[in-house]
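See below for the structure under consideration.
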Amino acid sequence: MSAGSTSPAPEGGLRFVHLGVGERTVPYEEALEEQQRLHALRVADEIPDTVLLLEHPPVYTAGRRTRPEDRPLDGTPVVEVTRGGEITWHGPGQLIGYPIIKLDEPMDVVAYVRRLEEALILACAEFGIEGNRVEGRSGVWKLGQAIPGARIDESQVVNIGALTLRMGAKLGLDPRMAGPEYAPSNAGQRGGDRKLAAIGVRVARGVTMHGFALNCNPDLTWFDRIVPCGIRDAGVASLSSELGRDVTVSEALPVVQRHFAELFAHTSSV
């Protein structure tokens, strides 16, 4: 496929490729082919670390851990993908980022996911929204209000020393990234947690694929047909729904790109 606008990679930095937003949305299958092409080049050290930024037409994608009961009940087609995580929706009003990054050795996937989260949390903060992490749940969240008098269901609390990414077994936290910023999983003590950004990654031959989806101003009713990410006790939100004004993908893109570049400025490059 023909790439959109490309920003050159600074010394030790990232190259950003804007594949298409607004009227130039990129079909999921085309973007996947481009990811696969760039992934092979990055494995061979023929290109620097690269981040694709784009917007998709409406599509449901199912990660490896998707359960049958979480899929659309009306038979809506779903694209099967090799990323971690479960089922989600992509479409207009959602900023998609696909980082093709070679991770340093020893490879720490959890630290990489936390850095993705941090870039999005910083971007949300610039718009005036406090984004949060939640134990056991990747992505960026807006926490619901505490329920007065509620008692925590200890059986639902995730071990503070580990992070479950819904990708398999628990992985140990990189101590450099371990801070107090994780909120406890919603175990009956909070209502109304809602996800602002989803994260689902794959790492093959030391290079990342797939990535993040930040809800800017999508039609959130698309999520009503599925159980997003297999999570039943929380909802979905967007920058627009939280702020009460329209925040477009075009407005959010440069903010996310800037914070992403700052946090990943010293990743490996050719």
Among the residues listed as Tyr112, Tyr98, the single one being among the aromatic types (Phe, Trp, Tyr), open to solvent by less than 60 Å² (accessible area, probe 1.4 Å) and part of a helix (DSSP H, G or I): Tyr112
Residue in segment 129-147 that is hydrophobic (A, V, I, L, M, F, W, C), modelled with pLDDT of 90 or more, crowded, with 17+ Cβ neighbours inside 10 Å and in contact with a helix residue (DSSP H, G or I) (Cβ under 8 Å, 6 or more places away or on another chain) present: yes
Single residue of segment 56-68 satisfying the filter (in contact with a His (Cβ under 7 Å, 6 or more places away or on another chain) and not in a loop (DSSP other than H, G, I, E, B)) that is least open to solvent (accessible area, probe 1.4 Å): Thr61
Segment 247-261 residues that are more than 9 Å from Ala123 (Cα to Cα), paired with ones that are open to solvent by 20 Å² or more (accessible area, probe 1.4 Å) and aromatic (Phe, Trp, Tyr) (beta carbon under 8 Å, 6 or more apart): Val247/Phe127
Test: residue in segment 39-49 that is at pLDDT below 95, open to solvent by 20 Å² or more (accessible area, probe 1.4 Å) and among the hydrophobic types (A, V, I, L, M, F, W, C): no
Selection count where residues are open to solvent by 20 Å² or more (accessible area, probe 1.4 Å), at pLDDT 75 or above and under 18 Å from the mean Cα position of the chain (by Cα), scope segment 222-239: 3
Test for Ala119: is it closer than 13 Å to Ala197 by Cβ, of a type in the set (A, V, I, L, M) and surrounded by fewer than 18 Cβ atoms within 10 Å (Cβ to Cβ): no
Matching residues in segment 30-61 - criterion: being in contact with a Ser or Thr (Cβ under 8 Å, 6 or more places away or on another chain) and among the aliphatic types (A, V, I, L, M): Leu38, Leu54
Pair list, Cβ under 8 Å, 6 or more apart: segment 69-80 residue open to solvent by 100 Å² or more (accessible area, probe 1.4 Å), other residue modelled with pLDDT of 80 or more and part of a strand (DSSP E or B): Pro77/Tyr60; Glu80/Thr61; Glu80/Ala62
Checklist (1) assigned to a helix (DSSP H, G or I); (2) surrounded by 15 or more Cβ atoms within 10 Å (Cβ to Cβ) applied to Phe16, failing item: (1)
Pro106 open to solvent by 20 Å² or more (accessible area, probe 1.4 Å), part of a loop (DSSP other than H, G, I, E, B) and free of Cβ contacts under 8 Å to residues at least 12 places away in the same chain: yes
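The values are calculated or read from the model by the stated rules, or taken from the named source; none is laboratory data. As the structure is a prediction and not an experimental result, all values here were calculated from the model. Cβ: placed from backbone, ideal geometry, glycine included. Neighbour counts: every protein chain shown. Note: areas computed on protein heavy atoms with side chains; ligands, DNA, RNA excluded. Shrake-Rupley method; radii C 1.70, N 1.55, O 1.52, S 1.80 Å.
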